[in-house]
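Just so it is clear, none of the values below were taken in a lab; they were calculated from the coordinates. Note that the structure is predicted; figures quoted are calculated from it, not measured. Because the Cβ atoms are built from the backbone with ideal geometry, glycine has one as well, and the counts that use them run over all protein chains shown.
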Amino acid sequence: MDTDQRPLLKCPRCGGTISPDDQTCPHCGVNLGVAAVLAERLVSLVPPVHVPPGDAVAPETLVPRLGERLVSAGLITPRQLDEALDYQRKRAEEGSPICLGQALVVLGYLDRDTLDRVVTEIILQLQSALYQANARLEQEVAERTKQLQDALLRLSELQRLKANFVANVSHELRTPLTHLVGYLDLMADGTVGDLNAAQKRAVDVMQRAAQRLSRLIEDLISFALLSKGTLSIEMDVVLVDDLIAEVMETIQSSIKVKGLTFRQEIQPGLYVFADRQKIGWVLHQLLDNAVKFTPEGGEIVLRAWKARAKVYFAVEDTGIGIPKERLQVIFEPFVQLEDSATRQYGGAGLGLALVKQVLDAHDTELEIESEPGMGTKVRFALLQTGRSGEAS
């Protein structure tokens with residue numbers, strides 16, 4: 001899209017017009033990423049609309065006021081009202097209940113025509129009160145709906161602003177990181193001079209750190225693209241055996257370094273209809289999580305099997321597990337299971353959020369079973385197909 005044709009946004013702080021490429025507001029200088037997060041928290045909670053009570057009598061309080069109305073109108077005396085109430089109670093105790101108005105008529109304190117006229121007036125007042133209550137309710141609903149619509153639009157804009165900020169910063173990090181990785185590779189292979197053993201170990205540590213940073217930046221960029229709705233899925237027929245082999249090339253060294261036992265239980269010759277690259281990334285991410293959260297000496301199992309016209313993929317580990325109350329929040333972006341003060345596993349908390357969006361695009365979902373200290377099992381299914389693409 002041409003830069004001039006991209007939709008402009010508003011600064012969450014000053015309301016000034018900003019470009020999707022801006023990282024700080026050109027008007028007030030605020031950091032747009034931080035400002036978007038703070039503004040989003042404020043917009044997320046829309047306060048309820050408060051309708052102040054009017055002078056109209058609440059409909060439900062009109063019904064029991066028949067006796068008071070008759071007394072205030074001078075149609076009966078307070079003594080007659082008390083006698084009618086006593087008569088009404090006696091009739092109820094005898095099993096033949098009677099209304100207050102009927103009791104007044106039976107006792108001769110009020111004639112039927114006067115009673116009917118007073119009851120009619122009360123009904124009309126009740127109807128008027130109901131109309132007023134409905135009008136207030138409709139107004140409240142309209143105001144509430146408008147507030148929610150405004151909040152939804154504002155949240156959508158803030159989400160776009162955050163995604164733009166993350167994408168812009170991530171892209172800018174790529175260039176210096178590429179230089180660092182390049183020079184580290186030159187140092188590692190001796191192009192710029194020989195290294196002693198200590199220097200080689202230091203370069204090796206820096207290379208691994210640079211690789212982790214590179215993966216983090218790629219996750220941030222992917223998340224930003226997904227948040228802006230630019231995820232593209234290229235569906236094709238994929239041989240599961242080849243897919244697993246490609247994934248294992250990217251994760252085998254991590255399993256070995258961690259000292260974990262690894263098993264594969266893959267039913268051979270299966271084909272699925274999926275985006276090969278993105279599902280490969282999903283499997284890599286699930287295996288990477290299993291490696292990250294499984295202590296040395298633990299076990300990881302990768303399974304793939306056919307059932308009911310689908311191919312199921314599962315990753316099982318004997319790691320630290322996940323508390324039940326945390327099973328849903330782990331799909332939220334930037335959420336970590338560890339306390340920030342005691343974190344030891346690293347990561348930005350984007351992996352499962354991205355996995356969920358990729359699987360959503362494939363019309364499937366990730367199922368998780370886990371208990372603290374007992375490990376974790378994750379599973380998803382894809383549509384099975386034949387080698388030429390026909391449904392199986």
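What is the sum of charges around Glu367, taking Lys and Arg as +1, Asp and Glu as -1, for the other residues whose C-beta is under 9 Å from the C-beta of Glu367?
Here the charged neighbours net out to 0.
Pairs to check: Lys324/Lys356; Lys356/Lys377; Lys258/Lys278. Give those whose C-alpha atoms are more than 23 Å from each other in this structure.
In this structure, Lys258/Lys278 lie more than 23 Å apart at Cα.
Contour minus end-to-end for Arg69 and Glu265, with contour as 0.36 nm per residue of separation and end-to-end as the Cα-Cα distance? Present the calculation step by step, with values, prior to reporting the outcome.
Details: separation 196, 0.36 × 196 = 70.56 nm, distance 8.42 nm.
Extending this stretch completely gives an extra 62.1 nm.
Please work out how much length the chain gains when fully extended from Glu249 to Gln159, using 0.36 nm per residue of separation minus the C-alpha to C-alpha distance, in nm with one decimal.
28.8 nm
Take Cys14, project a point 7 Å from its Cα along the Cβ direction, then tell me which residues of the range 149-167 have their backbone nitrogen under 18 Å from it.
It comes to no residues whatsoever.
Could you tell me the relative contact order of the range 236-385? Use alpha-carbon pairs under 8 Å, at least six residues apart, and round to a whole percent.
The normalised contact order for the range 236-385 reaches 27 percent.
Could you name the aspartates and glutamates whose alpha carbon sits less than 14 Å from that of Lys256, not counting residues in the same chain fewer than 8 places away?
Counting by Cα, and skipping residues close in sequence, Lys256 has these aspartates and glutamates nearby: Asp288, Glu296, Glu299.
Sum up the charges of everything whose Cβ sits under 11 Å from the Cβ of Leu270, counting Lys and Arg as +1 and Asp and Glu as -1, but leave Leu270 out.
Values: positive: Lys306, Lys310, Arg387; negative: Asp241, Asp242.
It works out to a net charge of +1.
Counting pairs of alpha carbon atoms under 8 Å apart in space and at least six apart in sequence, what relative contact order in percent does the range 63-211 give?
13
Taking 51 Å as R0, compute the FRET efficiency from the Cβ-Cβ separation of Asp113 and Ala135 and round it to 0.05. Mind showing how you got there, number by number?
Numbers: r = 34 Å, r/R0 = 0.66.
Plugging the Cβ-Cβ distance into 1/(1 + (r/R0)^6) gives 0.95.
Where the convex hull is taken over the Cα atoms of the range 236-385, what is its projected area averaged over directions, in nm²?
Mean projected area for the range 236-385: 8.5 nm², to one decimal.
Let me check I have the definition right: for the range 98-189, take the eigenvalues of the Cα gyration tensor, multiply each by 5, take square roots. What are those semi-axes in whole Å, largest first? Don't jump to the answer; show the numbers that get you there.
Details: eigenvalues 1318, 37, 4 Å².
They are 81, 14, 4 Å, listed largest first.
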